[in-house]
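Novice: Here's a structure for you.
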Amino acid sequence: MNIVVREATDDDAKLIAELTRAAWAGKVSVTSSGHRETAVLVTQHLRDGGGFILLVDDVPVGSVRWLPLETETHIWEILRMGVLPAWRGKNISQHLLEAVIHHGLETGVEELRMAVRADQPKLIDFYTAFEFELAEELEYTHANPLEPAPFVMRRLLKY
């Protein structure tokens with residue numbers, strides 16, 4: 001199994017929207033905006049922040065994006081990380097997370113934040129293994145107002 005994570009370009013927007021919708025299907029509450037992901041929104045995210053695509057044997061199986069906070073561009077929020085159902089349980093999503101962490105370190109970002117949906121608390125332990133900590137005092141700026149507030153986790157990259 002050959003695993004590659006590559007940086008996404010504007011040309012990948014449609015693919016990332018499709019990957020996100022497919023990864024969300026049957027896994028995430030139907031009220032999640034991820035089910036209505038569009039190439040237009042993905043293109044905006046890629047231009048304002050960035051993204052990665054996860055490939056296994058040259059087949060796209062997952063993606064992730066990040067956006068800097070509007071008022072604190074040295075802080076990125078990780079969003080829309082997902083892997084297609086057939087590839088779950090194979091410990092490959094960690095490659096997406098590691099790519100964002102390394103890219104953040106290389107570009108001088110000071111902090112990464114992510115939201116864990118209230119209905120998926122088991123992910124907290126997964127992210128803790130990558131040095132993310134719960135940050136109850138923070139709000140996730142991309143939270144869906146139609147859903148319970150997510151748990152916010154952060155990882156400091158500069159000490």
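The values are calculated or read from the model by the stated rules, or taken from the named source; none is laboratory data. Worth saying up front: this structure is predicted, and the values here are computed from it rather than measured. Please note: Cβ atoms are built from the backbone with ideal geometry, for glycine as well, and neighbour counts cover all protein chains shown.
Novice: When both residues are 6+ apart or on different chains and their Cβ atoms are under 8 Å apart, which pairs have a first residue that lies in the stretch 69-92 and is within 17 Å of GLU139 (Cα to Cα), and a second that is at pLDDT below 90 and part of a loop (DSSP other than H, G, I, E, B)?
Specialist: LEU69/THR141; GLU70/THR141; GLU77/TYR140; GLU77/THR141; GLU77/HIS142; LEU79/HIS142; ARG80/GLU37
To keep it simple, each residue is scored yes or no on (1) surrounded by fewer than 13 Cβ atoms within 10 Å (Cβ to Cβ); (2) of a type in the set (A, V, I, L, M); (3) touching a helix residue (DSSP H, G or I) at 6+ places or on another chain (Cβ under 9 Å); (4) on the phi > 0 side of the Ramachandran plot.
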residue: LEU69; (1), (2), (3), (4): no, yes, no, no
residue: GLY89; (1), (2), (3), (4): yes, no, no, yes
residue: ILE92; (1), (2), (3), (4): no, yes, no, no
residue: GLY108; (1), (2), (3), (4): yes, no, no, yes
residue: ARG117; (1), (2), (3), (4): no, no, yes, no
residue: ILE124; (1), (2), (3), (4): no, yes, no, no
residue: GLU131; (1), (2), (3), (4): no, no, yes, yes
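This table checks each residue for (1) outside any loop (DSSP other than H, G, I, E, B); (2) under 22 Å from TRP24 (Cα atoms); (3) touching a strand residue (DSSP E or B) at 6+ places or on another chain (Cβ under 8 Å); (4) of a type outside the set (D, E, K, R).
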| site | (1), (2), (3), (4) |
| --- | --- |
| GLN120 | no, yes, no, yes |
| ILE124 | yes, yes, yes, yes |
| GLU136 | no, no, yes, no |
| ARG154 | yes, no, yes, no |
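Novice: Are any of the residues in the stretch 112-119 modelled with pLDDT of 95 or more and either touching a Phe, Trp or Tyr at 6+ places or on another chain (Cβ under 6 Å) or of a type in the set (Gly, Ala, Ser) (or both)?
Specialist: Taking every residue of the stretch 112-119 in turn, at least one turns out to be modelled with pLDDT of 95 or more and either touching a Phe, Trp or Tyr at 6+ places or on another chain (Cβ under 6 Å) or of a type in the set (Gly, Ala, Ser) (or both).
Novice: May I ask you to verify whether GLY26 is of a type outside the set (Ser, Thr, Tyr), assigned to a loop (DSSP other than H, G, I, E, B) and at pLDDT below 95?
Specialist: So GLY26 passes the test.
Novice: Let me ask something else about it. Looking at the stretch 105-126, is at least one residue in contact with a Ser or Thr (Cβ under 7 Å, 6 or more places away or on another chain) and basic (Lys, Arg)?
Specialist: The answer is no; no qualifying residue exists.
Novice: Scan the stretch 61-70 residue by residue and report those that are out of contact with any Leu (no Cβ under 6 Å at 6 or more places or on another chain) and part of a strand (DSSP E or B).
Specialist: Once the filter is applied, which keeps residues that are out of contact with any Leu (no Cβ under 6 Å at 6 or more places or on another chain) and part of a strand (DSSP E or B), the stretch 61-70 yields TRP66, LEU67, PRO68.
Novice: Please work out if TYR140 is surrounded by 14 or more Cβ atoms within 10 Å (Cβ to Cβ) and either in a loop (DSSP other than H, G, I, E, B) or in contact with a Pro (Cβ under 6 Å, 6 or more places away or on another chain) (or both).
Specialist: Considered against the rule, which asks whether it is surrounded by 14 or more Cβ atoms within 10 Å (Cβ to Cβ) and either in a loop (DSSP other than H, G, I, E, B) or in contact with a Pro (Cβ under 6 Å, 6 or more places away or on another chain) (or both), TYR140 comes out as yes.
Novice: Just to check your reading of the model, which residue among LEU84, LEU97 is crowded, with 16+ Cβ neighbours inside 10 Å and touching a Gly at 6+ places or on another chain (Cβ under 7 Å)?
Specialist: LEU84
Novice: Can you spot a residue in the stretch 94-115 that is more than 14 Å from LEU156 (Cα to Cα), β-branched (Val, Ile, Thr) and either in a helix (DSSP H, G or I) or touching a strand residue (DSSP E or B) at 6+ places or on another chain (Cβ under 6 Å) (or both)?
Specialist: The answer is no; no qualifying residue exists.
Novice: Right, here's the next one. Would you check which residues across the stretch 46-67 are of a type in the set (D, E, K, R), over 19 Å from THR107 (Cα atoms) and crowded, with 21+ Cβ neighbours inside 10 Å and list them?
Specialist: none
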